[in-house]
Structure formats: C-alpha cells, structure tokens
Amino acid sequence: MTRALLPDLSPWKASADFRRLWKSGLISNFGSFLTFVALPVQLKELTGSPAAVGAIGAVELLPLVVCGLYGGALADALDKRGLIVWTEAGQGLLSVVLLVNALLPGPAVWPLYAVAALSSALVSVQRPALDSLWPRIVAHDDMPAAASLNSLRWTVGGVAGPALAGVVVAYAGLGWAYAADLLTFAVSLAYVLRIAPSPASHEAAKPNLRAVAEGARYAWSRKELLGTYVVDLAAMFLAMPLAVLPFLADELHAEWALGLMYAALPAGALVVSLTSGWTSRVRRHGLMVVLSAAGWGLAVAAAGICGNVWLVLLLLTVGGGFDMVSGVFRAAMWNQTIPDELRGRLAGIELLSYSVGPQLGQVRAGGLAAWAGVRASVWSGGLACAGVMGLLALCLPGLMSYDARTNAHAVRMRERRAATEV
C-alpha cells in the first residue's frame with residue numbers, strides 16, 4: 001500500500017536529461033523562493049502599503065502576457081535548451097541588481113518593480129521552452145509521473161526556500177537572500193548546459209504573430225484544454241492570498257510565522273508530490289482539476305476566517321495540496337494531447353493561465369485588503385473561488401468528461417509516440 005503511494009520514478013530512471021533538468025529546476029527554484037519572500041518584505045518595509053505590495057502583480061502582468069505568447073512561438077522555432085540557458089543567465093543578472101540595491105544606504109523602490117517586470121518577461125520566455133521540452137525527453141505514458149516529479153522539485157524549493165528566507169531576512173538581512181539566489185542561478189546554469197540540444201521540429205512555424213495566432217486557434221478548438229485554463233485562472237485570481245501574507249502575519253501577532261506562511265502552500269504540494277503514486281492510475285483528469293480547485297478555495301476561505309496562526313498554517317498547507325493535485329492533472333492533459341510542433345505555443349498559453357491569475361490575484365488581494373481588511377480579502381476570495389468552480393463544472397462538460405484512455409487527442413499522441421519509438 002505504501003509503495004503504491006510513492007512517486008513513480010520511471011522518468012528519472014529512463015532519461016539522463018530529465019534528471020539534469022530536474023536538478024537544475026530544484027536549485028533554481030530554491031533560490032527564487034528566497035527572492036519571492038524577500039522582495040515583498042522589502043517593499044512592505046519601504047512603503048508600509050498592502051496596495052504597493054499587491055502592485056507587484058500589476059507590473060508583472062504586461063510582460064507576462066506579451067512574452068508568454070511570443071515566448072511560446074520562440075520555443076517552437078528555436079533550440080529549447082538555448083532559450084533556457086540565456087533566460088537563466090538573465091535571471092542571475094537581475095539578482096545582482098536586487099543585491100546591489102539592498103546594500104545601498106537608502107534602497108530605492110523603483111528597482112524592485114523594474115526587476116519584477118523584467119523577471120516576469122524572462123520567466124515567460126523560459127517556461128514555454130521548459131514545458132515543451134519535457135514531452136521530448138519523457139515517454140508518453142510517463143507524463144503523469146513526470147508531472148508529479150516536477151511538482152516535487154518545485155515544492156521542495158517552495159518549502160525550504162520561504163522557510164529559510166524568513167530566517168535569513170529577519171536575522172541576516174535582505175542582501176543575503178538575494179546573494180543566495182544569485183548563487184543558485186549559477187549552479188542551475190551549469191546543469192542546463194549539460195542537457196542535449198533540442199532544436200525545432202521540421203514542422204515548426206517561424207516566431208511571428210501568425211504563429212501565435214495558429215496556437216491560439218488550436219487552443220480554442222480544444223474545449224477541454226480551454227476548461228483547464230479557465231479553472232486555473234479563476235482559482236488563482238479569486239483565492240491567491242500571497243500579497244497580503246506579510247499583513248496577515250502582523251494581524252495575527254505572529255510576524256515570526258511569515259516564512260512559514262509562504263512555505264505552507266508548497267508544503268501541502270510537497271505532501272501530495274511525495275504520495276503521488278496514485279495519480280498515474282487516475283484517468284478522469286478533468287474531473288480532478290475542478291474538484292481540487294474547489295478544495296483550494298474552501299481551504300483558503302477557512303484560513304481567512306480562523307484567528308489562530310497554527311490553524312491558518314494548517315489550512316494553507318491543505319490548500320497547497322489541493323492546488324498541486326489540480327496542477328498535476330492539468331499538466332498531464334496538456335502533455336499527453338498537444339502535438340510537438342505546437343507544444344511551445346500552447347505552453348505559452350498555459351503559462352498565461354497559471355501565471356496571470358496569481359498576478360491579478362495579488363492586485364485583487366492587496367486592493368481589497370486596503371479597503372475591507374486583510375482577513376476579509378482572504379476569506380471572501382476563497383468562497384468566491386469555490387462557488388465559481390461549481391458553476392464551471394456545469395458549464396464545461398468536455399472537461400468534466402475527459403478520460404485519458406479514450407480522448408481522441410490523447411489516443412492520437414500515444415500512437416504517434418509509439419511509432420517514433422519503434
């Protein structure tokens with residue numbers, strides 16, 4: 001029974017490039033989560049405004065949209081490894097900017113917003129390349145297992161990074177958090193450089209607006225895929241509480257718990273990842289996406305209502321677990337049904353679905369907190385998320401009925417991969 005719950009290691013055993021990319025992502029994510037905590041804390045110290053912290057999402061939004069769509073076209077047209085290398089190096093340079101600014105006698109506010117926007121642009125170019133590379137280095141039937149292992153990679157950094165960041169920022173200073181992030185980018189880059197080149201397929205289109213439009217038309221034709229985008233966008237916009245966590249910690253008289261609050265969401269995701277063996281046996285992926293998104297909303301709502309910091313941490317952990325279940329099955333649907341020549345452009349659209357929501361959610365949470373209070377911002381968003389998931393379940397029959405064994409696109413991709421592996 002215990003063995004059936006453990007993660008399926010088939011992708012790790014079968015592919016050296018999967019192992020290298022996994023290690024690179026683990027190290028890079030660990031450092032990025034240090035900055036993820038340090039930057040809003042620094043903004044809070046410099047401005048004292050929930051709206052100013054929430055505005056991080058606003059400045060990240062435009063580069064996310066523009067570069068996400070065009071980055072998907074680039075991922076289809078260029079060598080994927082090369083894109084990952086250059087964007088990883090660019091992220092390291094941005095860590096240098098944050099470090100220098102933090103060490104100034106009077107740190108400025110504008111570089112924090114500038115770095116947030118530029119980092120959003122680089123991530124938006126990198127993620128389609130990463131997401132479209134996984135299906136090339138992992139067998140078709142191992143996609144759910146790969147999604148679970150990738151979530152494990154992300155959540156390990158997500159738990160350790162924020163928890164450590166809370167200690168580092170409180171006792172060593174912001175500069176040390178930014179310096180550690182810079183070091184992790186350097187180590188991550190060394191791993192990526194060892195991955196085999198991944199050139200564009202022969203059918204790939206040139207990176208232009210026509211190619212972007214072609215990807216959008218394909219996505220529009222796939223109603224079950226559109227359903228996954230809508231579900232994730234709504235869940236993150238309505239219920240993502242990250243922008244107000246520094247203020248929630250203050251309101252609960254638990255400033256010491258801020259790092260734990262940031263770590264709680266990925267901690268829940270980590271528990272799911274460590275017990276993800278069951279996900280490979282589930283075939284109704286769409287149903288799981290909707291149910292787990294509703295669970296996420298209810299957990300966040302309960303966290304906003306509770307006044308005990310330990311219960312808040314527990315509920316945030318539960319919410320993070322539900323969010324990870326949704327993420328695993330969304331990724332499985334995407335990776336098992338999208339043709340290779342469109343993978344980058346669809347990954348760009350996917351990036352928007354799971355990134356625009358949190359960015360807008362930060363603006364929503366910060367603005368509502370400034371108007372109605374921090375806890376009201378959290379619980380009202382969670383309840384709204386759960387209610388919207390009920391409506392979407394009624395409006396998205398194609399998503400609710402999706403079955404990986406019988407879906408025409410999944411069957412076609414399975415047959416194509418089998419033919420190339422003969």
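The values are calculated or read from the model by the stated rules, or taken from the named source; none is laboratory data. Since the model is a prediction, treat every value here as computed from it, not as a measurement. Note that we place each Cβ from the backbone using ideal geometry, even for glycine, and neighbour counts take in every protein chain shown. Just the protein is used for accessible areas: all its heavy atoms, side chains included, with ligands, DNA and RNA removed. Shrake-Rupley method; radii C 1.70, N 1.55, O 1.52, S 1.80 Å.
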When the range 129-143 is checked residue by residue, the ones that are open to solvent by less than 10 Å² (accessible area, probe 1.4 Å) and touching a Phe, Trp or Tyr at 6+ places or on another chain (Cβ under 9 Å) are Val138, Met143
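Conditions tested, residue by residue: (1) assigned to a loop (DSSP other than H, G, I, E, B); (2) open to solvent by less than 40 Å² (accessible area, probe 1.4 Å); (3) over 22 Å from Ala370 (Cβ atoms).
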position	(1), (2), (3)
Glu214	no, no, yes
Trp220	no, no, yes
Leu233	no, no, yes
Phe237	no, no, no
Leu258	no, yes, no
Ala264	no, yes, yes
Matching residues in the range 33-48 (over 14 Å from Gly366 (Cβ atoms) and surrounded by fewer than 21 Cβ atoms within 10 Å (Cβ to Cβ)) number 3
Restricting the range 399-420 to residues that are more than 27 Å from the chain's Cα centre (by Cα) and within 19 Å of Trp220 (Cα to Cα), the one least open to solvent (accessible area, probe 1.4 Å) turns out to be Ala408
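Without any contact (Cβ under 8 Å) to a residue 24 or more places away in the chain, closer than 22 Å to Leu39 by Cβ and β-branched (Val, Ile, Thr): is that true of Val100 in this structure?
Details: without any contact (Cβ under 8 Å) to a residue 24 or more places away in the chain: yes; closer than 22 Å to Leu39 by Cβ: yes; β-branched (Val, Ile, Thr): yes.
In short, yes.
Any residue in the range 295-315 that is closer than 30 Å to Ala129 by Cβ and either in a helix (DSSP H, G or I) or at pLDDT below 90 (or both)?
yes
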Within the range 364-379, restricting to residues that are more than 16 Å from Gly57 (Cβ to Cβ), open to solvent by less than 40 Å² (accessible area, probe 1.4 Å) and in contact with a Gly (Cβ under 9 Å, 6 or more places away or on another chain), the one that is modelled with the lowest pLDDT is Val374
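Considering only the range 71-97, state which residues are of a type outside the set (A, V, I, L, M) and either within 18 Å of the chain's Cα centre (by Cα) or open to solvent by less than 20 Å² (accessible area, probe 1.4 Å) (or both).
Those that are of a type outside the set (A, V, I, L, M) and either within 18 Å of the chain's Cα centre (by Cα) or open to solvent by less than 20 Å² (accessible area, probe 1.4 Å) (or both): Gly71, Gly72, Asp76, Lys80, Thr87, Glu88, Gly90, Gln91, Gly92, Ser95.
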Expected single match for surrounded by fewer than 18 Cβ atoms within 10 Å (Cβ to Cβ) and under 25 Å from Thr184 (Cβ atoms) among Ala102, Ala51, Ala114 is Ala114
Considering residues that are within 22 Å of the chain's Cα centre (by Cα) and either among the aromatic types (Phe, Trp, Tyr) or open to solvent by 40 Å² or more (accessible area, probe 1.4 Å) (or both), the number found within the range 297-314 is 2
Restricted to the range 60-70 and to residues being without any contact (Cβ under 8 Å) to a residue 60 or more places away in the chain and open to solvent by 50 Å² or more (accessible area, probe 1.4 Å), the residue farthest from Ser132 (Cα to Cα) is Leu62
Condition set over 13 Å from Arg283 (Cα atoms) and in a loop (DSSP other than H, G, I, E, B), scope the range 383-422, selection modelled with the highest pLDDT: answer is Leu396
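Please specify each residue of the range 102-126 satisfying the condition of being assigned to a helix (DSSP H, G or I) and not hydrophobic (A, V, I, L, M, F, W, C). Talk me through it step by step, then tell me what you get.
In the first step, residues of the range 102-126 are kept if they are assigned to a helix (DSSP H, G or I); the result is 102-103, 110-126.
Answer for the range 102-126, where residues must be assigned to a helix (DSSP H, G or I) and not hydrophobic (A, V, I, L, M, F, W, C): Pro111, Tyr113, Ser119, Ser120, Ser124, Gln126.
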Of Tyr171, Tyr191, Tyr178, Tyr229, the only residue that is open to solvent by 30 Å² or more (accessible area, probe 1.4 Å), at pLDDT 85 or above and of a type in the set (Ser, Thr, Tyr) is Tyr191
